Structure formats: structure tokens, C-alpha cells
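Have a look at the structure below before the remarks.
Since every read-out is calculated from the coordinates, none of them should be taken as a lab result. In this text the structure is predicted, and so the values were computed from the model without any measurement. All Cβ positions, glycine included, derive from the backbone under ideal geometry; neighbour counts span all protein chains shown.
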């Protein structure tokens, strides 16, 4: 075995290697010197990659070169990401390389940070303690914790006093109860401190947490990091095993890594491995459950900067460069030059004309003929909430389009009913054309029903997915449930109450294999029909008219959603909608930076303003051809308007008299 620190002596990446790998990635020629330096680098280094700079292509190309350099029999590469979407993108692109596809199996690992921690550290630790893990899910834990809180009157009273009977804040705090540090103390998210360990409140919450996690097997994601650290302390040899197994480590989207994740990864791999971290600190709009606060060490001072964008042209690059909040960068756009970038100004009476005006502009840019494949989106930050003051218009995305359904904007939360899981599954199938993710989502909902009912498989163990399949197999009902789940994902027509009554009957009948008692009130509520959007039959070819939150005008479909929901996407045209956050409108607050009057290097933007800058930066760097902003007319003064015009923006004022 070789130590990770000596790898650079054994592997050298040459210009010939780069030329060879370019044959498999013609869309990215690696002409930029910094990109070539990143490919050649065989030591631990950060790569600060601007929007559209080909970060994923570079990572996959590097994996392809490494795959051809040595025989990875017992040692492999470890590729960590934040989402399964990112993981699948890397895996899919590796399959097109003649040697890199070998990295998809042992001894290599490609997956999320969470799955890595669970698989190699947290779950082995819990298995050693004979602790059964049924599910790792924050929302699942939260609902169970809030349901049980009534049984702990002292703790419930403490939360009520602490949060002045604000039920939303109480539910959020109770649901965040987790294990932390190596002594597995209980804690709450954020800055909320629990009372002393000797108090009745602390003892009750410790008991509640243990009951849900150790007795019922329901854990939070962040519990796993605490268990991982305990495992490393108790069995330090596990670090040596991982370092030998994975001498090369790549971390994608490093800017979204929480401080807890970063510290654990540093503890595992340290200087003995080659650790290369990829990301864009200017796009750090979330990091797990922690507010982005700059504590993450990425990128380090010697980071390689990738500034060339193959997504957009010089105009969008110049606009976006003014909003590089965390690391000042001057982006360059290699895509062809584009025109028509517009700031739409509206008044309260004309806010509903913004989306039609955006469509009109898109059509005018393309001379009334839309390309065969066109993706245009309108995005904002605040998706929901009640506006208490007309002066706060625009408050949320719904102010622009009353039919916008905030409940179906992309989010991480789990549905509160099984029909919600089914709707989520159908959305996944519509978005990807594959049934796998939808199938898993429906099964997760069914498992949640069994946990609500307290159903057990054998020896009092809670159902897991494998236990459920075993029970169905022994009862001869496995194919029946699988067919039902597939029907719910892709074959059943419009999802209505009559259809759902049949689903209800089938699931209750299947459950009789292990429990013949009636469902509890909570179980019936979870399984009951819930009104929602009308869901069209999932058929290909997919029609965007059938999808939720799609604005249709003059034959053009505009998807409307959140900035967080489009992170990582590429559009042909994007409209960023001004919304209200913490006593101000985001685009109004950013005008000094949009105009170039202020610079983060010389100014002192607040933490809130930096967050707004990062979100708008993400929104403005999605499109290839056309970027637009929507602002209230009162927020743009004449001087700023002239400056914006001089740097390439067009201004379109939708006056009340022009309202259609």
C-alpha cells in the first residue's frame, strides 16, 4: 500500500494525458491555463470554479486520467457531493469514458457526504451497539418528537415559555433535537441552549430523544456525524483503513459544506491523502441546516481560480462579477455575445404583467420563433408567507402570479400525507423520465405509515425497506405492492379522491399480513385523501402544461420557482424576481453593487446583504442567452437607472396605463 502523501511521486499528469482525455469531452477543450493546472495538480488543492466553468467536466476528466494511470485493485478514489443529483451526474458521465467507468465499483466510492458518513462510520458504530436504524430523516424525526412532547409536560412548558407560545418556532426547535459532540450530548439547532443537565426539562428531552432514536430507530441526519466522531475516537484504526482505501478524495460543491462536515472530513483524511475540493464560494446559498456564515475554510488562499464560463457571454459575466460576494472575481464569458438583458420596472397595478412581458421579450429576441428546445424560468427567493403591508410588494413569488403554488416549490421537507409522497414521486418521474426515484419516494411514504402505526416486523423491530419486502415476500404480496407503487408513479391517470379510495383499501388490506387492527387516527389522517393540485397522467412525451407552476403565454412555457430550486441548472433565459427579506427588498438592497458603485472588497456589506448577493448571483448566472430582473419602480432612482443603461441593461417600465 502507498501513503496518500506520496501519490504525487507516482502519478504525473502530462499535456498528452490532457489531450487524450479531451477527445471524450469535446464540449470542454481545457484551453484555459488554470483549468489545465487543475487537471495536472496531484496535491491537495482547492478549485474555486465560477458559474459554467466546466467544474464537473473537469472533475470527470481528471477521474478519467487517474483511471488510466494505475490499477486500482485495493485502493480507490472517493468522490463526495451534497446531493444525489450531483452524484448521478458524475456517474453518468463516467460511463462514457473507456476507462473511467471502472471507478463505479469497488474499491471506489461515489456518493453524498451523508451516505459516506452513514456507510463507513455511523452505521457500523450503531450496529456494534446493537442499535436498529429504521430511518434517518429530519422531518420524520421532527413529527415524531412533536407528537411525543405532550407526554413530557415540563419540557413542553419550557418550550412554550422559551418561544412565547409560538407553535411554529416550538415545532422547529423540538424537531431539531439531536446528538452532538463525542459525548453524545443532546442539543438544539442554532443558538438555542438547553437548560442544565440536572433539570427535569433536560432529563425529559434526553428520554424523549432516546425513545425515538434508540427504541424506535428514527434518527436525524446530524446524529450520524456525532456517532461518526465517537466511532473514530473509540476505534482510531478506522481512519487508517479509510486513508489507505481512499488515497484520492474529491469533494464537490464544497461551498455548501457545513462546518461539522468539514471538520469530520479533515479528521478522516488529513494530510495523508490528496484532497481536492471543488466549488464556488459565491454560490454558497445553503450549507445543510446551518446558515451560511463564512466559517467554512473553502477556498484556501492558494486555490486555483476558474473564471472562464462556457455557459454565458461577456455581458452576463460582467453583470454577475459585480455580485461576487465572498471572493471577488472578474468572470469571463466564452459563450456568444447576447443582447436584450432587461430590468422590468412595475408598479403594484402592473406586477402581474411581468411574466407576460418576459415572454414577449423572449419571443422578440428569437424573432417570434422559439428554438425546438427552450428552457426559460422565473425565480425568486421568498416563495411563501403573508404580506402584512402593501408597501412590501413584491413580498413573495405569488405576488407576480396568483396561481403560483408555494407548497410545490422545490424544498427538502417531507410531505405530511401519503398522497403528498405520491405527488412528489410523480414530479420526480416527470422531471427525470425515470421511475426509480419516484418508486423510492412512494415506498418511503408507506414506511412512514407503518412507523406511525408502530407496526413491527419481527422481535419488535421497526420496519425498514428490506423488512417490508421480506414480510411481503413471505405473505405472497410483494408483487401486488410493487405493482401498486408503479401504478401510482406512472400508470394511474389523474389522481383524484375516487382513485385514492382504492389505494387506501389496497394498502389497508396488504397491512393485514402483519397487523389486522384498524388504523389509528393519526394513521388515517396520514393515509386520507388531501386536496391539492390536479395531477395529470404521467405520460411521455411530457407536456410542461401538465406540470405545476408553469406559466403559459403565447405558446411559451415559463417555469416559476425558487432560486434554491434552480441551483446548478442552466437555462436559455432567466428572470430574477425581486422579493422581500428581513425588512428590505433584495434587488433594491443590491443596487449599489449592481451598478458598480460599491464593491465587496472595499465596502462592508452586512451578513444579510451578502446572503442576498449570493442568491441573486446564483439566479443571474443560470442563463446562456438572456438575463432579466424585475423590480418595483419606486426602488430605482434616475441616477442608478442611467448607470445601469450605460453598462448594458435595458429598462422596461410597465406603466399602469399599459396594463392589458
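General observations
- Estimated distance in nm for a label pair at residue 193 and residue 95, the labels positioned 7 Å out from Cα along Cα-to-Cβ: 5.3
- Global form of region 138-219, assessed from the alpha-carbon gyration tensor, a/c cut-off 1.5: rounded
- Förster radius 35 Å - calculated FRET efficiency between residue 151 and residue 508, Cβ distance, rounded to 0.05: 0.80
- When peptides 301-308, 646-653, 555-562 are sorted by average Cβ neighbour count within 10 Å, with the highest value leading, the order is 555-562, 301-308, 646-653.
- Reciprocal of mean inverse Cα separation for the chain (Kirkwood radius, Å): 27.2
- Separation of the residue 200 and residue 486 label points, Cα + 7 Å toward Cβ, nm: 5.7
- Extension gain for residue 161 to residue 70 (0.36 nm times residue separation, less C-alpha to C-alpha distance): 26.5 nm.
- Length added when fully stretched, residue 364-residue 332, from 0.36 nm per residue minus Cα-Cα: 8.9 nm
- Label-zone membership for region 92-130, site residue 470, 7 angstrom Cα→C-beta point, backbone N under 17 Å: 127-128, 130
- Three-way shape call for region 219-265 based on the alpha-carbon gyration tensor, with the a/c threshold at 1.5: oblate
- Distance between region 500-519 and region 584-617 - C-alpha centres, whole angstrom: 55
- With R₀ set to 41 Å, the beta-carbon distance separating residue 20 from residue 607 gives a calculated FRET efficiency near 0.35.
- In region 567-645, Cα pairs under 8 Å separated by at least six residues give a relative contact order of 53 percent.
- DSSP finds beta bridges in the chain, and of those with both partners inside it, around 20 percent are antiparallel.
- Full extension of the chain segment joining residue 582 with residue 40 gains 190.6 nm, where the gain is 0.36 nm per residue of separation less the Cα-Cα distance.
- Sorted peptide list for 336-348, 577-589, criterion being average Cβ within 10 angstrom, highest first: 577-589, 336-348
- Taken along the Cα-to-beta-carbon direction at a fixed 7 Å, the label points for residue 214 and residue 259 span 2.9 nm.
- Peptides 152-164, 73-85 ordered by average Cβ neighbours within 10 Å, highest first: 73-85, 152-164
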